[in-house]
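Written out below as structure tokens is the structure these notes cover.
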Amino acid sequence: MRNPQLTKNGELQHLLTIDGLPREILTAILDTAAPFTEVAEREVKKLPLLRGKSVFNLFFENSTRTRTTFEIAAKRLSADVINLNINTSSTSKGETLLDTVDNLSAMQADMFVVRHAASGAPFLIAQHLAAMGLEHIHVINAGDGRHAHPTQGLLDMYTIRHYKRNFNDLVVAIVGDVLHSRVARSQIHALTTLGVPEVRVIGPKTLLPSEVEKLGVRVFHDMREGLKDVDVVMMLRLQNERMKGALLPSPQEFFKSYGLTADKLQCAKPDAIVMHPGPMNRGVEIDSAVADGPHAVILPQVTFGIAVRMAVMSMLAGA
Amino acid sequence: MQLPDAEGLCAALAERLRPGLHPDTALVGIHTGGVWVAERLHAALGLKTALGRLDVSFYRDDFSRSGLHPQLKSSDIPFEVEERPIVIVDDVLYTGRTIRAAMNEIFDYGRPARIDLAVLIDRGGRELPVCPRWTGEILQVEPGKNLQLERGEGNKLTLRLIDA
């Protein structure tokens, strides 16, 4: 079966997940993103690539950063951006997801940026568009359930490459609530596809998916041990709102064992970088001294995210 | 077909530009061949303003047909564009569409005092009202052929004719 994200010529048609994408496509996205970073320094921060195209931001789940950066990216490409506030829209009156998509397609949509609590919702939309003969409409997954958040994974890779130049000699640790994290899944697939020789996950047994090592990662339950000599520390947000039952004794207890402090960071390499996809829970998964410290590249991640999303949108629109 | 010597043409083109330059003039080369020519001109003319480089891929008019080219370069305009005389430099002038894209891109950095065009080879076949102020040489090249500037050993520039 053909990868549902690719055209028959092997070009990117939708971006739904990093899992299964060849290294050449990931590298092409990162290479394409680089010249977009320079646009932010111009008098006119706009390129004509998506002129006359309509991009619909379909956020069925709350988000500030991701929705805003997608909106900025689309606007810098001269697209018309329509933000649908789903809480006040037809869905809350009972319209199905695919009916919403059909109606927006009838309004000449060119691209859907979708965030949904249900894993697979963006794929369902892409499949539906193909069945309706609407292959010219592109879908970007902006986070679906616990499944994937591919643009976050890509901007993280861009950030790592920016600071570390290469992937093939790095040790990278992903720390915290991997179980509930679509970001972690996208990061793991991206890191292994790009050839990072050692990817570690660090967290309590209750917050790591069973058999996570089958994704090609080393598992650590002791944070100091897991951080030993790493080049990159990727913190995850403790997903309070997704926490069901008693997975954790308390956020304070979590901070004691798995919160990133300057002291624990000493175990990593002296030039290690610290990343976080945001929003941060200061004092829960990361100490303020680290979040605002010299190793943190958390704000550059946000800036690079705009260029990476511009690159993805341009590549889809040109496919 | 006998092709002219590219290095000799660069030197001749520099001499043609010299009388028309203003002290603030900036050269902007178009990736990739145009940048090589602009580097030669910049050195020969001893210009004080740093060299600009453009990759016009984001401004091309065939994006919706052929998408983005895989090997994008960053544009780099290391000077204030506002009120400055600018010379766009390219290797081979053909349809004029690349020059249109380059002018659009320059205007996104500011309003230049004027824009002129210098090209190593004018091969005819224009599809837009674009006319160079300085030309190394006019060559009649039949449609279906690509005239390319290449950089070989010791950074030596040569022209080559290939099938499109």
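Using only the Cα atoms of segment A:150-302, build the gyration tensor, take square roots of its eigenvalues as a ≥ b ≥ c, and label the shape rounded, prolate or oblate: rounded if a/c is under 1.5, else prolate if a/b is larger than b/c, else oblate.
In terms of gyration-tensor shape, rounded.
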In degrees between 0 and 90, to the nearest 10, how far off the longest principal axis of chain A does helix A:97-106 point, with axes built from Cα atoms? 50 degrees
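Checking the table A:Lys53/B:Lys145; A:Lys45/B:Lys156; B:Lys73/B:Lys156; A:Lys46/A:Lys93; A:Lys164/A:Lys228 against a 27 Å threshold on Cα-Cα, which pairs fail?
Numbers: A:Lys53/B:Lys145 35 Å; A:Lys45/B:Lys156 37 Å; B:Lys73/B:Lys156 21 Å; A:Lys46/A:Lys93 37 Å; A:Lys164/A:Lys228 18 Å.
Violating the 27 Å Cα-Cα cut-off are A:Lys53/B:Lys145; A:Lys45/B:Lys156; A:Lys46/A:Lys93.
What number, in percent, do you get for the relative contact order of chain B if the mean sequence gap of Cα pairs under 8 Å and at least 6 apart is divided by its residue count? All intermediate terms of the calculation are to be shown ahead of the outcome.
Details: 317 pairs, mean separation 38.3, N = 164.
23 percent.
Would you mind classifying segment A:14-67 by shape? Square roots of the alpha carbon gyration tensor eigenvalues, ordered a ≥ b ≥ c; an a/c under 1.5 is rounded, otherwise it is prolate if a/b is larger than b/c and oblate if not. It would help to have the intermediate numbers written out before the result.
Values: a/c = 1.82, a/b = 1.10, b/c = 1.65.
Judged from the Cα gyration tensor, segment A:14-67 comes out oblate (a/c at least 1.5, b/c at or above a/b).
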Would you kindly find the accessible area of A:Glu253, with a 1.4 Å probe and non-protein molecules such as ligands, DNA and RNA excluded, rounding to the nearest 10 Å²? 90 Å²
Just checking the output field for B:68-80: average partner chain Cβ neighbours within 10 Å of each residue's Cβ? 4
Mean separation of Cα pairs under 8 Å and 6+ residues apart, divided by the residue count of segment A:150-302: what relative contact order is that in percent? 24 percent
Neighbouring partner chain Cβ atoms per residue of B:99-108, average, 10 Å criterion: 2
Net charge dipole size for the protein assembly as shown [Lys, Arg +1 and Asp, Glu -1 on Cβ; Debye, nearest 20]: 500 debye
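Computed on protein heavy atoms with a 1.4 Å probe, what is the summed buried accessible area for the chain pair A and B, in Å² to the nearest 100? Mind showing how you got there, number by number?
Numbers: alone 13940 and 8660 Å², together 21220 Å².
By this definition, chains A and B bury close to 1400 Å².
Rounded, prolate or oblate: which one fits segment B:43-147, using the alpha carbon gyration tensor with axes a ≥ b ≥ c (rounded when a/c is under 1.5, else prolate when a/b beats b/c, else oblate)? Walk me through the numbers on the way to the answer.
Details: a/c = 1.79, a/b = 1.21, b/c = 1.48.
Cα axes put segment B:43-147 in the oblate bin.
Using only DSSP helix segments of four residues or longer, with each worth -39500 (n - 2.57), what per-residue ellipticity at 222 nm results for chain A after dividing by its residue count and rounding to 500? Each step should come with its number before you reach the end.
Working: 11 runs with 117 residues, N = 319.
Mean residue ellipticity, 222 nm, calculated: -11000 deg cm²/dmol.
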Quote the charge dipole size of segment A:150-302 about the Cα centre in Debye, to the nearest 20; the model charges only the Cβ of Lys and Arg (+1) and of Asp and Glu (-1). 280 debye
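Express the Stokes-Einstein translational diffusion coefficient of the protein assembly as shown in µm² s⁻¹, to the nearest whole number, given a Kirkwood radius over alpha-carbon pairs, 10 °C and a viscosity of 1.306 mPa s.
Working: Rh = 24.9 Å.
Answer from the Stokes-Einstein relation: 64 µm²/s.
Treat every Asp and Glu Cβ in segment A:1-123 as -1 and every Lys and Arg Cβ as +1, leave all other atoms uncharged, and give the resulting dipole magnitude about the Cα centre to the nearest 20 debye.
Values: 14 positive and 14 negative charges, 35 e Å.
Computed about the Cα centre, the dipole is about 160 debye.
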Short version: ³J(HN,Hα) in whole Hz for each residue of segment B:125-132, in order, from phi by Karplus 6.51 cos²θ - 1.76 cosθ + 1.60 (θ = phi - 60°), x for Gly and Pro, what are they? x, 5, 10, 9, x, 10, 9, x
For helix A:182-193, report the angle its Cα long axis makes with the longest principal axis of the Cα atoms of chain A; keep it between 0 and 90° and round to the nearest 10°. 80 degrees
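For chain A, what's the relative contact order in percent, using C-alpha pairs closer than 8 Å and at least 6 residues apart? Write down the numbers at each step before the final one.
Working: 577 pairs, mean separation 63.4, N = 319.
It comes to 20 percent, rounded to a whole number.
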Average partner chain C-beta neighbours within 10 Å, per residue of A:20-28? 1
So how tilted is helix A:23-37 from the main axis of chain A? Cα-based, degrees 0 to 90, rounded to 10. 80 degrees
Excluding residues fewer than 8 positions from A:Lys214 in its own chain, the lysines with Cα under 21 Å of it are A:Lys205
Check A:Gly145: other-chain or 5+ apart residues with amide H under 5 Å from its amide H, H built from backbone geometry? A:His116, A:Ala117, A:Ala118, A:Ser119
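The values are calculated or read from the model by the stated rules, or taken from the named source; none is laboratory data. For clarity, every value in this text was computed on a predicted model and none was experimentally measured. Cβ coordinates were reconstructed from backbone atoms using ideal geometry, including for glycine residues, and neighbour counts include every protein chain displayed. Side chains are part of the model used for accessible areas, which takes the heavy atoms of the whole protein and leaves out ligands, DNA and RNA. Shrake-Rupley method; radii C 1.70, N 1.55, O 1.52, S 1.80 Å.
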